[in-house]
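First comes the structure, then the notes that go with it.
Laboratory data are not the source of any read-out in this text; all were calculated from the coordinates shown. Model, not experiment: these values are computed from the prediction. Cβ sites come from the backbone with ideal geometry, for glycine too, and all protein chains shown count toward neighbours.
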Amino acid sequence: MRLRTTREQRILRIKVILRWFLYYVLIFLSFVFMTSGTWLKPLLLIPIPIFISIDNDQYGSVFTGALCGFLIDISCGKLFGYNAVLLTIFCIATSVLFELYLKNKFFNFLLISAAAAFIQCWLDYKFYYEMWEYEDVGRVFRRVSLRVWLYTVISSAGLRSILSLLKVMNTKGDMKIINVSEKVMSVFEVTSFTDILDISQK
């Protein structure tokens, strides 16, 4: 196995930081989407931490799952911490399953996302509707819970493509900045980014 040089290690570190930064930007945008408009929309904050848990250790999985769970609680007006506990469990289970048994394939991701979303929607229905014996409560499950689950499963397929692009950035290819003006180049030189990144002037 070839040892990485100091420059390669720094580049790898920057790529990892940038990838995680973009993950959290996507989480924030999903949260904004979930808090705006109508309340019949996909729970985007379920497939995102599931995907992140597939290739990361349990610590990153736990933190991301808990964060996304808290954001679901805020956006859906649920008991604070309820979805955080659920998503933390889902993310740990996903991380262990993919580490020991499953391959990182589209079908496996879709299956785990669909199962997690269904359990979340079903528990939400049980604790917030059926438990209180509202009139015609089964209609809520058919018309709301199942539709939200279906939208979540469909949207998870698209989200996987976006998240896969962010992940590829860490493993394949190089990041290059080209056609930089003299002023911008001088800023890169002062900040020592020229030692880390491949930057070329006009």
Once you've got the GNM for the chain with C-alpha springs shorter than 10 Å, pick whichever of PHE107, PHE70, PHE141 has the biggest mean-square fluctuation.
PHE107
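May I ask you to give the average projected area over all directions of the convex hull of the Cα atoms of segment 70-148, in nm² rounded to one decimal? Don't skip to the end; give the middle numbers.
On the way: hull surface 23.7 nm².
Result: 5.9 nm².
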Distance in nm between ASP55 and GLU133 label points, each 7 Å along Cα→Cβ, equals 5.1
Please state, as a whole number in µm²/s, the translational diffusion coefficient that the Stokes-Einstein equation yields for segment 6-171 at 4 °C and 1.567 mPa s, with Rh defined as the Kirkwood radius across alpha carbon pairs.
79
Return the FRET efficiency for the residue pair ILE154, ILE178: r is the Cβ-Cβ distance, R0 is 35 Å, and the value is rounded to the nearest 0.05.
0.40
Pop a pseudo-label 7 angstrom from the Cα along the beta-carbon direction at both TRP20 and ARG143 and give the gap in nm to one decimal.
4.5
Classified through the alpha carbon gyration tensor (a ≥ b ≥ c as square roots of its eigenvalues; rounded if a/c is under 1.5, else prolate when a/b is larger than b/c, else oblate), segment 1-98 comes out prolate
Fewest to most Cβ atoms within 10 Å: SER95, SER161 sort as SER161, SER95
Kyte-Doolittle cut-off 0.0, length cut-off 18 Å along the helix's own axis using Cα: show which whole DSSP H helices in the chain pass.
6-34, 58-76, 82-100, 106-128, 146-171
Amide proton proximity set for VAL180, modelled H, under 5 Å, gap of 5+
SER200, GLN201, LYS202
Relative contact order of the chain, please, whole-number percent, based on alpha carbon pairs below 8 angstrom and at least 6 residues apart.
24
Extension gain from SER164 to LEU111, taking 0.36 nm per residue of separation minus the Cα-Cα distance:
17.4 nm
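For every helix of n ≥ 4 consecutive DSSP H residues, a contribution of -39,500 (n - 2.57) applies; sum these over the chain, divide by its total residues, and give [θ] at 222 nm rounded to the nearest 500 deg cm²/dmol.
-23000 deg cm²/dmol
Please list 62-68, 152-158, 77-83 highest first by mean number of surrounding beta-carbon atoms within 10 Å per residue.
Taking the mean over residues of other Cβ atoms within 10 Å, the ranking is 62-68, 152-158, 77-83.
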Which of the GluC sites (Glu not before Pro) found in segment 61-149 are loop residues per DSSP with 10 or fewer other Cβ atoms within 10 Å of their Cβ?
GLU133, GLU135
